[in-house]
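Chemist: Below you'll find the structure I mean.
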Amino acid sequence: MRKSLRWAAALSLLIGTVGSTGVATAADTDTSRTAVADSQSTDIKDRILAIPGMSLIEEKPVAGYRFFVLNYKQPVDHRRPWAGTFDQRISVLHKDTARPTVFRTSGYSLSTAPSRSEPTRIIDGNQVSMEYRFFTPSRPQPADWSKLDIWQAASDQHRIFTALKKIYDQKWLSTGASKGGMTATYFERFYPRDMDGVVAYVAPNDVVDKEDSAYDRFFATVGTKECRDRLNGMQREALVRRAPLQAKYKAWAEAQGATFNTVGTLDKAYEAVVLDFVWGFWQYYGQDVCDQIPDAKTASDDTVYDTIDAYSGWSAYTDQGLEPYTPYYYQAATQLGSPSIKQPHLKGLSRYGYQPARNFVPREIPMKFQPHAMRDVDNWVRNNADRMLFVYGGNDPWGSEKFHLGKKARDSYVYTAPGANHGANVAGLVDAEREKATARILAWAGVPAPAVAAAQPLARFDARIDKLVDEDATKEHGLRP
């Protein structure tokens, strides 16, 4: 009897629906409450706040839109919705309920500054953004880390979509860059009936975690030999001069109060930053600034130290630098996988090699790698992709292992922007692919045929809310997508 009462009480808070996976989720189906609110007010804020579990954090002014930062109450475990909840931050960039909507995910924390993704500008629509579970403050307390996986996160997104679809009833597209693009892809895999299209930018696809030769091939051929030699020389010199540069690093850490308990030692953190240097250069920058890298042989200790810092970041593997990204490294060590490269030019100098993601998560958090997770997603995309667009950068190391489409894929595309880094976008594609991609995004969003034929973004670039590249794809620093 007590069990029945607990179940009934839970349902009064989290009323379930059945998602496309056939698993009961806690999506709201209390349409009567929303209908009453709609009949009493047409203000979009009132309509959104009438959704059970939704609360307002703040509203910020932005020209041409209403922008809300909100909390939405989510189950800690979508398979057991009665077993506890947490508040998940989302934002809504509202234009008009008659316009299509883009569901944007970063895969990380939520920015509370109004911004517009490229697909949102292309379709001139609304935008909903979600903070990924376990990134603070969207972390259950106490934190049961076993509930941080790609299905639970996709179910968060499904539940938000189900609630807001009652208000924004036009077409929906999902998008994200880097880990956000991965998130959009996983959402499509588990809830393929929710979205009308997917635009995934620079999304890595590490199908077999221990097979990373694609990255070695990338670093052996990217850019010019002169540039590769210049970068490799600077990286090597940082290990040759380990003793004097580590003294500078130690002094900096003591001054900053930085500690190294998670990675273990200052030496391990030092080498991890140095080994990220070449990767960080190609991820964030490119061939056009290679001549700005000093000649390693003639550079002073200060110059070598500062150059490594500029492209890798000495704070990346401190406890303080790692803590905000613990959820990412946990996922890398349990499902997503993480790259490892050989770097033969560092032979005899590197003591640890590319360290596994496990090294960047506090030891008290248990974890076990699940090799089937990425194989499942990869197989699903190859055989079931429908209205999915993947965009990669030609000079981005993360694109070494990308998503591929099989013969059963429908109306789906994989494009690469020549010379682009981890900030690749549709605008950077060659003309024919840019026009095709833009037209498909417009068509998936249900805009009128003449606009689709024109294949041009419906909204002009606005520097106040638009960025040339998605900032989620250029998170400085540390090796993470």
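The values are calculated or read from the model by the stated rules, or taken from the named source; none is laboratory data. Note that this is a predicted model, so its numbers are computed, not measured. Positions of Cβ are generated from backbone atoms using ideal geometry, with glycine treated the same way; all protein chains shown enter the neighbour counts. When the accessible area is computed, the model is the full protein with side chains, heavy atoms only, and any ligands, DNA or RNA have been set aside. Shrake-Rupley method; radii C 1.70, N 1.55, O 1.52, S 1.80 Å.
Chemist: Once you have a ≥ b ≥ c as the square roots of the Cα gyration tensor eigenvalues for segment 230-296, tell me rounded if a/c is under 1.5, and otherwise prolate or oblate according to whether a/b is larger than b/c. Intermediate values should be presented prior to the final figure.
Modeler: On the way: a/c = 2.27, a/b = 1.82, b/c = 1.24.
Note, shape of segment 230-296 comes out prolate.
Chemist: Also: Suppose only helical runs count, i.e. DSSP H with n ≥ 4. What mean residue ellipticity at 222 nm does that imply for the chain under -39500 (n - 2.57) per run, divided by all residues and rounded to the nearest 500 deg cm²/dmol? Mind showing how you got there, number by number?
Modeler: Working: 17 runs with 173 residues, N = 481.
When only DSSP H runs of four or more count, the value is -10500 deg cm²/dmol.
Chemist: With 29 Å as the limit, write out which pairs from Lys179/Lys436; Lys147/Lys407; Lys147/Lys436; Lys225/Lys342 have Cα-Cα distances beyond it, or answer none. List each step's numbers first, then the result.
Modeler: On the way: Lys179/Lys436 24 Å; Lys147/Lys407 34 Å; Lys147/Lys436 39 Å; Lys225/Lys342 18 Å.
Pairs exceeding the cut-off: Lys147/Lys407; Lys147/Lys436.
Chemist: Follow-up question, since we're still on this one. Based on the Cβ-Cβ distance of Lys297 and Ala432, what FRET efficiency does E = 1/(1 + (r/R0)^6) give at R0 = 30 Å, to the nearest 0.05?
Modeler: Values: r = 45 Å, r/R0 = 1.50.
The value I calculate is 0.10.
Chemist: Further, regarding this structure: Mind checking the per residue accessible area of the chain for me, 1.4 Å probe, whole number of Å²? Numbers along the way, then the final one.
Modeler: On the way: 19800 Å² over 481 residues.
Accessible surface, normalised per residue, equals 41 Å².
Chemist: Out of the trypsin sites (Lys or Arg not before Pro) in segment 232-320, which ones are loop residues according to DSSP with at most 15 other C-beta atoms within 10 Å? Please report the intermediate quantities before stating the final value.
Modeler: Details: sites: Arg236, Arg241, Arg242, Lys248, Lys250, Lys268, Lys297; in loops: Arg241, Lys297.
When the trypsin sites (Lys or Arg not before Pro) of segment 232-320 are filtered for loop state and at most 15 Cβ neighbours within 10 Å, Lys297 remain.
Chemist: Further question: Evaluate the distance, in nm, between pseudo-label points positioned 7 Å from the Cα of Thr221 and of Asp306 along their respective Cα→Cβ axes.
Modeler: Output for this residue pair reads 3.7 nm.
Chemist: What is the Å³ per residue value for the convex hull set by the Cα atoms of segment 268-345? Intermediate results must be reported in sequence, preceding the final value.
Modeler: Working: hull volume 9.3 nm³, N = 78.
Convex hull of Cα atoms, per residue: 119 Å³.
Chemist: Among Pro142, Gln152, Met234, whose Cα sits farthest toward the positive end of the charge dipole of segment 141-243 (+1 at Cβ of Lys/Arg, -1 at Cβ of Asp/Glu, about the Cα centre)?
Modeler: Met234
Chemist: Using the reciprocal of the averaged 1/r over all distinct C-alpha pairs, how large is the Kirkwood radius of segment 107-191 in Å?
Modeler: On the way: mean 1/r = 0.0724 Å⁻¹.
Evaluated over segment 107-191, this radius sits at 13.8 Å.
Chemist: Given the Cα atoms of segment 210-347, and with Rh set as the inverse mean 1/r over their pairs in the Kirkwood sense, what is Rg to Rh to two decimals?
Modeler: Working: Rg = 15.3 Å, Rh = 15.9 Å.
Reported Rg/Rh (Cα atoms, Kirkwood Rh): 0.96.
Chemist: Quick check: from the Cα gyration tensor, does segment 398-446 come out rounded (a/c under 1.5), prolate or oblate? Don't jump to the answer; show the numbers that get you there.
Modeler: Details: a/c = 2.16, a/b = 1.15, b/c = 1.88.
Note, shape of segment 398-446 comes out oblate.
Chemist: Working from the alpha-carbon coordinates of segment 306-417, get Rg over Rh, Rh being the Kirkwood radius.
Modeler: Working: Rg = 17.6 Å, Rh = 16.9 Å.
Checking Rg against Rh, the ratio lands at 1.04.
Chemist: At q = 0.12, 0.13 Å⁻¹, what is the log10 ratio I(q)/I(0) for segment 158-221, with the Debye formula run over Cα points and no solvent?
Modeler: For the requested q values the scattering log ratios are -0.42, -0.47.
Chemist: Let me ask something else. Ranking request for peptides 177-183, 216-222: highest mean number of other beta-carbon atoms within 10 Å first, then the rest in descending order. Could you put the intermediate results ahead of the total?
Modeler: Numbers: 177-183: 29.0, 216-222: 15.4.
Descending mean neighbour count gives 177-183, 216-222.
Chemist: If you don't mind, there's one more thing I want to ask. P(r) for the chain: what percent of alpha-carbon pairs falls in each 10 Å bin, starting at zero?
Modeler: Pair shares across the bins are 4, 19, 29, 25, 15, 6, 1, 0.
Chemist: What is the percent carbon and sulfur in the accessible area of the chain, measuring with a 1.4 Å probe over the protein chains and ignoring ligands? Walk me through the intermediate numbers first.
Modeler: Details: 10070 of 19800 Å².
About 51 percent, which is the carbon plus sulfur part of the accessible surface.
Chemist: Given 0.36 nm per residue, what is the gain on full extension from Gln456 to Arg242 after removing their alpha carbon distance, in nm? Display every interim value, and only then the final one.
Modeler: Values: separation 214, 0.36 × 214 = 77.04 nm, distance 5.20 nm.
Taking 0.36 nm per residue and subtracting the Cα distance, the gain is 71.8 nm.
Chemist: How large are Rg and Dmax for segment 181-267 when calculated on the C-alpha trace, in angstrom?
Modeler: 20.6, 58
Chemist: Each label point is 7 Å from the Cα along the Cα-to-Cβ direction; what then is the distance between the points at Ala449 and Arg80, in nm?
Modeler: About 5.4 nm separates the two model spin labels.
Chemist: As a test, work out the antiparallel percent of DSSP beta bridges whose residues both lie in the chain, rounded to the nearest 5. Let's see the in-between values first.
Modeler: Working: 24 of 47 bridges.
Counting DSSP beta bridges with both partners in the chain, the antiparallel share is about 50 percent.
Chemist: Under 8 Å for C-alpha pairs, at least 6 residues apart: give me the relative contact order for segment 230-352, rounded to a whole percent. It would help to have the intermediate numbers written out before the result.
Modeler: Numbers: 101 pairs, mean separation 50.0, N = 123.
Computed over segment 230-352, the figure is 41 percent.
Chemist: What percent does the relative contact order of the chain come to when contacts are Cα pairs within less than 8 Å and at least six residues apart? Before the final figure, lay out each step's value.
Modeler: Details: 933 pairs, mean separation 78.2, N = 481.
Computed value for the chain: 16 percent relative contact order.
Chemist: Work out how much length Asp144 to Tyr352 would gain on full extension: take 0.36 nm times their residue separation and subtract the Cα-Cα distance, in nm to one decimal. It would help to have the intermediate numbers written out before the result.
Modeler: On the way: separation 208, 0.36 × 208 = 74.88 nm, distance 3.05 nm.
That pair, Asp144 and Tyr352, stretches by 71.8 nm at full extension.
Chemist: Another question, then. I'd like to know which of Gly313, Gly264, Val222 lies farthest towards the positive end of the charge dipole of the chain, counting +1 on Cβ of Lys and Arg and -1 on Cβ of Asp and Glu.
Modeler: Gly264
Chemist: Once fully extended, how much extra length lies between Ser340 and Ala214, figured as 0.36 nm per residue of separation less the alpha-carbon to alpha-carbon distance? Present the calculation step by step, with values, prior to reporting the outcome.
Modeler: Working: separation 126, 0.36 × 126 = 45.36 nm, distance 1.01 nm.
The span from Ser340 to Ala214 would gain 44.3 nm if fully extended.
Chemist: What is the Cα radius of gyration of segment 65-167 over 2.2 N^0.38 Å, N being its residue count?
Modeler: Details: Rg = 13.9 Å, N = 103, 2.2 N^0.38 = 12.8 Å.
The reported ratio for this selection is 1.08.
Chemist: Identify all lysines with a Cα-Cα distance to Lys95 below 19 Å; exclude those on the same chain that are fewer than 8 residues away in sequence.
Modeler: Cα-Cα hits under 19 Å: Lys45, Lys60, Lys165, Lys166, Lys171, Lys467.
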